[in-house]
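Enquirer: This structure is in structure tokens; I'll ask about it shortly.
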Amino acid sequence: MHPHRHQQTLGNVEQKEQHAQREDIVQDFFVVWLDNHLDESKEDFHNSLTKLQRTIDVIEKFRDANECITHISRSENKKIFLVVSGKLTNDVVPLTHDKSQIYAIYIFCFDKSKYEQWATEKWPKVRGVFANIDSICDSLRQTARECDDDDMKITGQIEPSFMYSMLFKEIVLEIHFDLQKEIPGLAKYARQVYKDKPEQLPIIYEFVQQYNGNINNSPVRWYTAECFTYKMLNKALGRLDAATLLKTGFFMRDLHQNIEELHEKQVNDNNTPFPKTVYRGKIMTQEDFKNKVQQGKLISYNNFLSTTEKRDVAIDFIGREFQPSDSKIAVLFIMTIDPSVKSAPYARISEFSKYPEEQEILFSTHSVFRVRQIQETKERGMNIQQVNLTLTSEKNDKELNELTESIRKDIEGIGWERM
């Protein structure tokens, strides 16, 4: 690439950064907390919310039920996690439950037995009755992860967006980043994105002070922390946001290399055999499933892909999120992985995760699978489309190889030149 063209391209990216709407990067879900006796001065409430805001950007608090319901009705194209006090439950849950914006409801009441059976049997969006702030916050963080997974881009066959983001990744892996410049650069960008969220600033400062590249599994630790690094990278990959991809490029490279190193250690560890099957639960629209999941075809993931060794964990995920409807279906992906096949690397990350019981296997970006079988099963009273996949790669899949090579020929050069 000509040097002047390179300068012009980076200049355009800087302009895009300045004009980017922060909602393009931050989350499309938020918490609404309704309690007519809310006491924000209590230390435990303040501490719990501060911890929660590491994961969820926006927490809106209401004392008046009518004002809260009006606000929910006006919040279109957003997913809302509603926390409601026990005293307001009977009035508020029936009025809000069926609104499309409401993703999940949490009842905060010291007397759990008073509402537990009524809520969970009659209102499927109710995730439970909670007697303390910490337990609500833990459940909310879990739900936030579900929503982040919803944003993960799955494509049928190999779409151009997948190919171009994969080529971006290849370029990033070639670049020698100067972390003394890149880390402060990402921090500055993150402060702009989260300028209205002061609770994120200490986390950004902590990242600048502690992040040391691919040493001591630092990238995986920061990814599983589910703070701004996790949010910005996944949003950028899902939406192909060039400005944010450039800022997070070094972290994407480090995380990929960290997974690669863990993969090499784990698959060669004879004492702890690596699983040959992993699972992922997902809720899809009928249309998406029909278009993107077809027997014998390929499906691909742009983002870092979270799976589990435990089938029950994937079924639990489906059970928490699924509400039967004509437009949505429950899907259980059963992924067969063969360590001898050179593919997107993957690794166990339980020891670094806040949720070690999930036994998470994390795949690097741009994993590709071949659909082997689709069949309907019934589990825990749910109709589930069970999809058997086999992990593949361009080295052992002729169709995938031909697709990638045809686009790769269009881009020449090395590293920044190709960018």
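Enquirer: Please verify whether residue 220 is in contact with a strand residue (DSSP E or B) (Cβ under 8 Å, 6 or more places away or on another chain), farther than 27 Å from residue 319 by Cβ and part of a helix (DSSP H, G or I), treating the condition exactly as stated. Explain how you work it out, then say what you get.
Expert: Details: in contact with a strand residue (DSSP E or B) (Cβ under 8 Å, 6 or more places away or on another chain): yes; farther than 27 Å from residue 319 by Cβ: yes; part of a helix (DSSP H, G or I): yes.
For residue 220, the condition - in contact with a strand residue (DSSP E or B) (Cβ under 8 Å, 6 or more places away or on another chain), farther than 27 Å from residue 319 by Cβ and part of a helix (DSSP H, G or I) - is met.
Enquirer: A further question follows. Of the residues in region 299-333, how many are surrounded by fewer than 17 Cβ atoms within 10 Å (Cβ to Cβ) and among the aliphatic types (A, V, I, L, M)?
Expert: 0
Enquirer: Take the conditions basic (Lys, Arg) and either within 22 Å of residue 384 (Cα to Cα) or touching a strand residue (DSSP E or B) at 6+ places or on another chain (Cβ under 9 Å) (or both) and apply them to residue 354. Does it pass?
Expert: No: the conditions fail for residue 354.
Enquirer: Next question. Would you point out which residue out of 171, 183, 175, 203 is among the aliphatic types (A, V, I, L, M) and over 16 Å from residue 245 (Cα atoms)? Spell out the reasoning first.
Expert: Working: 171 fails: over 16 Å from residue 245 (Cα atoms); 183 fails: over 16 Å from residue 245 (Cα atoms); 175 fails: over 16 Å from residue 245 (Cα atoms).
Answer to the check: 203.
Enquirer: What number of residues within region 112-134 satisfy the criterion of being over 19 Å from residue 321 (Cβ atoms) and assigned to a helix (DSSP H, G or I)?
Expert: Count: 8.
Enquirer: Could you look through region 253-286, keep only residues that are over 25 Å from the mean Cα position of the chain (by Cα) and assigned to a helix (DSSP H, G or I), and pick out the one that is nearest to residue 361 (Cα to Cα)? Working first, answer last.
Expert: Let us first name the residues in region 253-286 that are over 25 Å from the mean Cα position of the chain (by Cα), namely 265, 267-273.
Those left that are additionally assigned to a helix (DSSP H, G or I): 265, 267.
Numbers: 265: 14, 267: 12 Å.
Looking at the filtered set, the residue picked out is 267.
Enquirer: Restrict the check to region 12-35 and report whether at least one residue is in a helix (DSSP H, G or I), surrounded by fewer than 20 Cβ atoms within 10 Å (Cβ to Cβ), acidic (Asp, Glu) and at pLDDT 80 or above.
Expert: Here is the first cut: in region 12-35, the ones in a helix (DSSP H, G or I) are 12-19, 22-24.
Restricting the remaining residues to those that are surrounded by fewer than 20 Cβ atoms within 10 Å (Cβ to Cβ) gives 12-19, 22-24.
Narrowing further to those that are acidic (Asp, Glu): 14, 17, 23-24.
Those still in the list that are at pLDDT 80 or above too: none.
No, region 12-35 contains no residue that is in a helix (DSSP H, G or I), surrounded by fewer than 20 Cβ atoms within 10 Å (Cβ to Cβ), acidic (Asp, Glu) and at pLDDT 80 or above.
Enquirer: Here's a follow-up. Can you find a residue that is among the aromatic types (Phe, Trp, Tyr) and modelled with pLDDT of 80 or more anywhere in region 179-197? Walk me through how you get there before you give the answer.
Expert: To start, the set of residues in region 179-197 that are among the aromatic types (Phe, Trp, Tyr) comprises 189, 194.
Right, trim to modelled with pLDDT of 80 or more and you get 189, 194.
There is at least one residue in region 179-197 that is among the aromatic types (Phe, Trp, Tyr) and modelled with pLDDT of 80 or more.
Enquirer: Scan 383, 388 and give me the residue that is more than 19 Å from the chain's Cα centre (by Cα), within 29 Å of residue 105 (Cα to Cα) and outside the structural domain of residue 220 (by TED's automatic domain parsing).
Expert: The unique qualifying residue is 383.
Enquirer: Condition check: modelled with pLDDT of 90 or more, within 18 Å of residue 52 (Cα to Cα) and not assigned by TED's automatic domain parsing to the domain that holds residue 58. Does residue 206 satisfy that?
Expert: Yes, satisfied.
Enquirer: Can you confirm whether residue 308 is at pLDDT below 80 and β-branched (Val, Ile, Thr)?
Expert: no
Enquirer: State whether one or more residues within region 247-256 are touching a strand residue (DSSP E or B) at 6+ places or on another chain (Cβ under 7 Å) and hydrophobic (A, V, I, L, M, F, W, C).
Expert: The answer is no, given that none of the residues of region 247-256 is touching a strand residue (DSSP E or B) at 6+ places or on another chain (Cβ under 7 Å) and hydrophobic (A, V, I, L, M, F, W, C).
Enquirer: What single numbered condition from (1) modelled with pLDDT under 80; (2) assigned to a helix (DSSP H, G or I) fails to hold for residue 354?
Expert: Only one criterion in (1) modelled with pLDDT under 80; (2) assigned to a helix (DSSP H, G or I) is unmet by residue 354, namely (2).
Enquirer: Take the residues in region 334-344 that are surrounded by 21 or more Cβ atoms within 10 Å (Cβ to Cβ) and in a loop (DSSP other than H, G, I, E, B), then tell me which one is modelled with the lowest pLDDT.
Expert: 343
Enquirer: While we're looking at this one, here's another question. Based on what the data block shows, is residue 129 touching a Cys at 6+ places or on another chain (Cβ under 8 Å), modelled with pLDDT of 85 or more and crowded, with 19+ Cβ neighbours inside 10 Å?
Expert: In short, yes.
Enquirer: Can you name every residue in region 108-137 that is within 20 Å of residue 281 (Cα to Cα) and without any contact (Cβ under 8 Å) to a residue 60 or more places away in the chain?
Expert: Result: 126, single match.
Enquirer: Something else about it: If only one of 70, 96 is surrounded by 17 or more Cβ atoms within 10 Å (Cβ to Cβ), over 16 Å from residue 144 (Cβ atoms) and either out of contact with any Cys (no Cβ under 9 Å at 6 or more places or on another chain) or outside the structural domain of residue 198 (by TED's automatic domain parsing) (or both), which one is it?
Expert: Going through 70, 96 in turn, just one is surrounded by 17 or more Cβ atoms within 10 Å (Cβ to Cβ), over 16 Å from residue 144 (Cβ atoms) and either out of contact with any Cys (no Cβ under 9 Å at 6 or more places or on another chain) or outside the structural domain of residue 198 (by TED's automatic domain parsing) (or both): 96.
Enquirer: Filter region 99-119 down to the residues that are surrounded by fewer than 14 Cβ atoms within 10 Å (Cβ to Cβ) and under 30 Å from the mean Cα position of the chain (by Cα) and list them by number.
Expert: Scanning region 99-119 gives a single hit, 100.
Enquirer: Among 172, 193, which is within 22 Å of the chain's Cα centre (by Cα), surrounded by 15 or more Cβ atoms within 10 Å (Cβ to Cβ) and within 16 Å of residue 304 (Cα to Cα)?
Expert: 172
Enquirer: Using beta carbons and a limit of 7 Å, which pairs, at least six apart or on different chains, have the first residue in region 284-298 and assigned by TED's automatic domain parsing to the domain that holds residue 375 and within 21 Å of residue 317 (Cα to Cα) and the second one exposed (fewer than 14 other Cβ atoms within 10 Å of the Cβ) and at pLDDT below 90?
Expert: 285/327; 286/327
Enquirer: A follow-up question, please. Quick check, is residue 241 farther than 22 Å from residue 58 by Cβ and in the same structural domain as residue 180 (by TED's automatic domain parsing)? First the steps, then the outcome.
Expert: Working: farther than 22 Å from residue 58 by Cβ: no; in the same structural domain as residue 180 (by TED's automatic domain parsing): yes.
Criteria not met by residue 241.
The values are calculated or read from the model by the stated rules, or taken from the named source; none is laboratory data. Remember, predicted model here, so these are calculated numbers, not experimental data. Glycine also receives a Cβ, built like all others from the backbone with ideal geometry; neighbour counts cover every protein chain displayed.
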